[in-house]
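Colleague: Below you will find the structure I want to go over with you.
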Amino acid sequence: MREWREAIRLAFLTVCLGCSAISRAEATVTVEASATTVRVTAEIDTTVNRDIAWKVLSDYNRWAEFIPDMQVSRVVSRPGEPLLVEQRGVIPWMPNFPLVVIASVQETPGKGLRFQRIAGNIRAIEGEWQIQGRKKIRLVYRSTVEPGFPLPPQMSTEIFKHDAKIKLEAMAQEMARIKKLPAH
């Protein structure tokens with residue numbers, strides 16, 4: 001009986017330490033909003049290498065599996081055509097207003113990507129993801145958004161700050177998870 005208790009304590013401690021190690025990765029986000037435009041800059045430090053960071057960042061078809069509030073993320077272009085990614089999600093404060101974006105994506109493998117809206121219910125969005133550093137990677141996200149629907153600047157700031165923060169933290173957590181998987 002005592003062995004079981006010790007095993008349970010050890011398992012609990014391992015889970016807690018693992019969760020706290022993942023949760024330590026916290027994104028820093030800066031948002032500037034005007035009546036029509038929102039500019040977002042966010043970054044997070046990770047403990048993964050460039051290959052793992054790129055593997056997760058460029059796996060668009062899986063983003064909805066690990067990014068909260070994202071319902072769909074998928075490549076909609078054919079091989080050999082310019083890369084187009086469709087993403088659908090919700091704003092937690094506005095659950096009856098789904099967001100839909102189809103973006104053209106230009107990749108620089110191992111370094112980052114640039115994206116620009118070509119269709120959807122957001123007037124305009126363009127930006128980039130960068131993978132910076134060598135041994136420990138810093139993931140950087142920048143975007144400029146014209147929502148196309150009226151939002152008070154304070155509300156825009158909170159919505160886009162929340163979105164960038166959860167997106168970066170989810171990316172970092174998924175990268176850490178992939179890092180722990182056994183090599184094939």
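The values are calculated or read from the model by the stated rules, or taken from the named source; none is laboratory data. Nothing here was measured: the structure is a model prediction, and the numbers come from that model. Note that each Cβ is placed from the backbone with ideal geometry, even for glycine, and that neighbours are counted across all protein chains shown.
Colleague: Could you grab me the full set of residues in the stretch 121-142 that are out of contact with any Phe, Trp or Tyr (no Cβ under 8 Å at 6 or more places or on another chain), of a type in the set (A, V, I, L, M, F, W, C) and farther than 12 Å from A172 by Cα?
Modeller: I122, A124
Here's the yes/no breakdown for (1) of a type in the set (F, W, Y); (2) surrounded by 14 or more Cβ atoms within 10 Å (Cβ to Cβ); (3) in contact with a Gly (Cβ under 7 Å, 6 or more places away or on another chain):
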| position | (1), (2), (3) |
| --- | --- |
| R50 | no, yes, yes |
| S77 | no, yes, no |
| E81 | no, no, no |
| Q87 | no, yes, no |
| P95 | no, no, no |
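Colleague: Now, a different point. Where the second residue is part of a loop (DSSP other than H, G, I, E, B) and the first is acidic (D, E) and lies in the stretch 74-98, which pairs have Cβ atoms under 7 Å and are six or more apart or on separate chains?
Modeller: The qualifying pairs are E86/V76.
Colleague: Just name the residue that is nearest to R50 (Cα to Cα) out of those in the stretch 138-184 that are modelled with pLDDT under 95 and touching a Lys or Arg at 6+ places or on another chain (Cβ under 6 Å).
Modeller: It comes out as E146.
Colleague: Might you let me know whether the stretch 84-91 holds any residue that is farther than 19 Å from A170 by Cα and modelled with pLDDT of 95 or more? Steps first, answer last, please.
Modeller: Restricting attention to the stretch 84-91, the residues satisfying the condition of being farther than 19 Å from A170 by Cα are 84.
Now narrow it down to the ones that are modelled with pLDDT of 95 or more: 84.
Yes, the stretch 84-91 contains a residue that is farther than 19 Å from A170 by Cα and modelled with pLDDT of 95 or more.
Colleague: Considering each residue of the stretch 112-148, count those that are assigned to a loop (DSSP other than H, G, I, E, B), without any contact (Cβ under 8 Å) to a residue 40 or more places away in the chain and on the phi < 0 side of the Ramachandran plot, and give that number.
Modeller: Residues flagged as assigned to a loop (DSSP other than H, G, I, E, B), without any contact (Cβ under 8 Å) to a residue 40 or more places away in the chain and on the phi < 0 side of the Ramachandran plot within the stretch 112-148 amount to 3.
Colleague: Another question, if that's okay. Say whether the condition of being part of a loop (DSSP other than H, G, I, E, B) and over 23 Å from P147 (Cα atoms) is met by at least one residue in the stretch 61-75.
Modeller: no
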